[in-house]
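Worksheet: one structure, shown below.
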Amino acid sequence: MRVMLTGAKGQVGQEMSRAFSERRIASEMAAMSRSEMDFTQREQVYGAVVGFEPQVIIHLGAMTAVDLCEEEPDSAYLANAISTRYLKQAARLVGAKMVYLSTDYVFDGHATQPYREWDATNPISVYGRSKLAGESELEPSDLVIRTSWVMGRYGKNILKTILGAAKGTSELRFVDDQIGSPTVAADLANAVISLVLEGHSGLFHLSNSGSLSWYELVRFIFGVIGADASRIVAIDSAELAMTRKAARPQYSVLDNCAWRLSGFATLPHYSEAVGSLALELWREM
Ligand SMILES: NC(=O)c1ccc[n+]([C@@H]2O[C@H](COP(=O)([O-])OP(=O)(O)OC[C@H]3O[C@@H](n4cnc5c(N)ncnc54)[C@H](OP(=O)(O)O)[C@@H]3O)[C@@H](O)[C@H]2O)c1
């Protein structure tokens, strides 16, 4: 299989490259970082795609800084929506299938039960709107995967921030009214590869099972590594409203309904997935 990845140096991109080589699947892989292809530049996208002639393009790269997207909406739409348009147009020229990673932030968070793939979207941030716009550039024969709260071995992520904070002594304040499902990047990468290999298309939600608030997640991680959780304080999102530009959905648990109904085994519970990753990273620190 000839596979092109975007966002190759991001946390999911690095995990995806690793998963492909571990599973010895991609006969040829073009893992594109920004220096190899700026996907906001149409000529660069066409040149790279037509030159490599991938069968599958996995578009992982994005402008992911949620608050920055609010400040720079044009940059967000360029990186998240227009890039997807350019890649899709180039993919058509070489007959490649597109795989696009999207987000739980396409929902407004007013639900009280996990969101299915067919539930109405209503993003409340520029990031969410621009990622949803990216989804709209694709066709039913492509693959769109929404995920949430990603954390892995590579790049910057909240798990590493939490582990770094566990080494300190100061009070830690985390919101207790934003509920979601963590997703370990390695589980996500392997699940995406399975969907690609089996030729699936359409919309899928993929996250580890189980859900909790950020406050509960930090307490859980502290428990796993044996750190003192008494300095973790639960706060309401309203307390952060002044300092955070973008609104976050209060409830964005994803029901991996299409995955489940397609016959795949439920992804591991976060306690297993995040627990073992947290321990592994903690021991390396
Ligand atoms: N992280 C999460 O919790 C989460 C949750 C739901 C969905 N997602 C989605 O999952 C995907 C992967 O996320 P991630 O956590 O791996 O993100 P990430 O670590 O922020 O990586 C994104 C990558 O995209 C690259 N990129 C940005 N603009 C680019 C451009 N114009 N040209 C080329 N490369 C560019 C970045 O390169 P530079 O390093 O050079 O900027 C970076 O390597 C994204 O589509 C994101 O929307 C993430």
Please work out how much length the chain gains when fully extended from GLU198 to ASP119, using 0.36 nm per residue of separation minus the C-alpha to C-alpha distance, in nm with one decimal.
26.0 nm
Quick one: putting +1 on the C-beta of Lys and Arg, -1 on the C-beta of Asp and Glu, what dipole do you get for the chain around its Cα centre, in Debye to the nearest 20?
520 debye
Taking +1 at the Cβ of each Lys and Arg and -1 at the Cβ of each Asp and Glu, which of THR84, GLY51, SER271 sits farthest along the dipole of the chain towards its positive end, judged by Cα position relative to the Cα centre?
GLY51
Holding the Cα-Cα limit at 27 Å, pick out from LYS131/LYS160; LYS131/LYS156; LYS97/LYS160 the pairs that are longer than that.
LYS97/LYS160
Mind checking the per residue accessible area of the chain for me, 1.4 Å probe, whole number of Å²?
44 Å²
Round to the nearest 10 and give me the degree value, 0 to 90, for the angle of helix 42-52's Cα axis relative to the longest principal axis of the chain.
70 degrees
For LEU68 and GLU272, FRET efficiency with R0 = 35 Å and r from the beta-carbon atoms, rounded to 0.05?
0.60
With Cα coordinates, the longest principal axis of the chain makes an angle with the long axis of helix 270-284, in degrees rounded to 10, of 80 degrees
What does the extension gain come out to for ARG231 and MET285, with contour length at 0.36 nm per residue minus their alpha carbon separation?
17.4 nm
Roughly speaking, to the nearest percent, how much of the chain's 1.4 Å accessible area is carbon and sulfur?
49 percent
Note to self: C-alpha centroids of region 210-275 and region 37-60 sit apart, in Å, by 34 Å
Considering only the chain, what is the antiparallel percent among its DSSP beta bridges, to the nearest 5?
5 percent
Zone of LYS167 (label point 7 Å along Cα→Cβ, backbone N under 12 Å): which residues in region 271-285?
282-285
With the charge dipole of the chain built from beta-carbon charges (+1 for Lys and Arg, -1 for Asp and Glu) about the Cα centre, the Cα from ILE193, SER230, LEU240 projecting farthest to the positive end belongs to ILE193
Evaluate 2.2 N^0.38 Å with N set to the residue count of region 1-89, then give the Cα radius of gyration divided by it.
1.10
Take GLN41 and ARG24, extend 7 Å from each Cα along the Cα→Cβ direction, and tell me the distance between the two endpoints in nm.
3.8 nm
Estimated distance in nm for a label pair at GLU139 and LEU261, the labels positioned 7 Å out from Cα along Cα-to-Cβ
2.4 nm
Rounded to the nearest 20 debye, dipole of region 186-285 from Cβ charges on Lys, Arg, Asp, Glu
260 debye
Longest segment of the chain with no GluC sites (Glu not before Pro) in a DSSP loop having at most 15 other Cβ atoms within 10 Å?
37-170
Ellipticity estimate at 222 nm from DSSP helix runs (n ≥ 4, -39,500 (n - 2.57)) divided over the chain, nearest 500
-11500 deg cm²/dmol
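The values are calculated or read from the model by the stated rules, or taken from the named source; none is laboratory data. Note that the structure is a prediction, hence the values are computed from the model and not measured. Using ideal geometry, Cβ is built from the backbone for each residue, glycine included, and neighbour counts are taken over all protein chains shown. Surface areas here come from the heavy atoms of the whole protein model, side chains and all, with no ligands, DNA or RNA. Shrake-Rupley method; radii C 1.70, N 1.55, O 1.52, S 1.80 Å.
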